[in-house]
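A.B. asks: First, the structure itself, so that you have it in front of you.
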Amino acid sequence: MSKSGPSGRPTGKAPPIAPESSRAQGSPLTSEELQSLLDCIEIPMVLLDEDLRVRIFARSAADLFEVHPDDFGPSIAEVASCLATPLLEDDLRQVMRSQAGLEREVDAAGERSYVLRALPYRSREGRTRGVVLTFTDITERRRKEQQQHLLVA
């Protein structure tokens, strides 16, 4: 039986959330653990390697891109045909060269709009290993802006 503090919450050592693994504490996540983590993320996210090929992605990205859980290795050009941004590959290569992030609004199939953010990701040694893409849905904001613009006109 656990003791309760003044707030009614249990006190003392909390039980582990999951059984302790035989791996050393602080060791890197396994591919399975990383994919499970990404599958919990609601924001579409894609990790690209240096050749702009899909390494791993959040399940939410499958709704935006033409990717499936078994798709590892297609180029961003193959999976991002739904985005109305013709210079995407050039922009992503510039992100890797400059080490500076990129942020822009893009339109996608299905009349959706997103803020695309691209950031370089690096190895522990500081070497650029690719690009992380995230997409924030701004469709509703865009619709409201268009309505307001019509009202003002």
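A.B. asks: Extension gain L37-L150, at 0.36 nm per residue separation less the Cα-Cα distance, in nm?
C.D. replies: This chain segment gains 36.5 nm when fully extended.
A.B. asks: Taking a spot 7 Å from the Cα of R59 along the direction of its beta carbon, which residues of segment 133-148 have an amide N less than 14 Å from it?
C.D. replies: none
A.B. asks: Same structure, new question: I want to check the label-to-label distance for R104 and C82. Put each point 7 Å from Cα in the C-beta direction and report it in nm to one decimal.
C.D. replies: 2.0
A.B. asks: Provide the packing ranking of 109-115, 30-36, i.e. peptides ordered by the mean count of other C-beta atoms within 10 Å per residue, highest first.
C.D. replies: Descending mean neighbour count gives 109-115, 30-36.
A.B. asks: What accessible area per residue comes out for segment 84-153, rounded to a whole number of Å², with a 1.4 Å probe?
C.D. replies: Result: 68 Å² of accessible area for each residue.
A.B. asks: Give the Cα extents of segment 42-106 along the principal axes, in whole Å, largest first.
C.D. replies: Result, largest extent first: 31, 23, 21 Å.
A.B. asks: So, by mean Cβ neighbours within 10 angstrom, what's the order for 46-58, 95-107 with the highest one leading?
C.D. replies: In descending order of packing, they fall as 46-58, 95-107.
A.B. asks: Still on this structure, I have one more. Roughly speaking, what is the centre-to-centre gap between segment 127-153 and segment 82-117 when only Cα atoms are used, to the nearest Å?
C.D. replies: 12
The values are calculated or read from the model by the stated rules, or taken from the named source; none is laboratory data. Predicted model only: the values in this text are computed from it and were never measured. Backbone-built Cβ (ideal geometry, glycine too); neighbour counts: all protein chains shown. These accessible areas exclude ligands, DNA and RNA; they are computed on the full protein's heavy atoms, side chains included. Shrake-Rupley method; radii C 1.70, N 1.55, O 1.52, S 1.80 Å.
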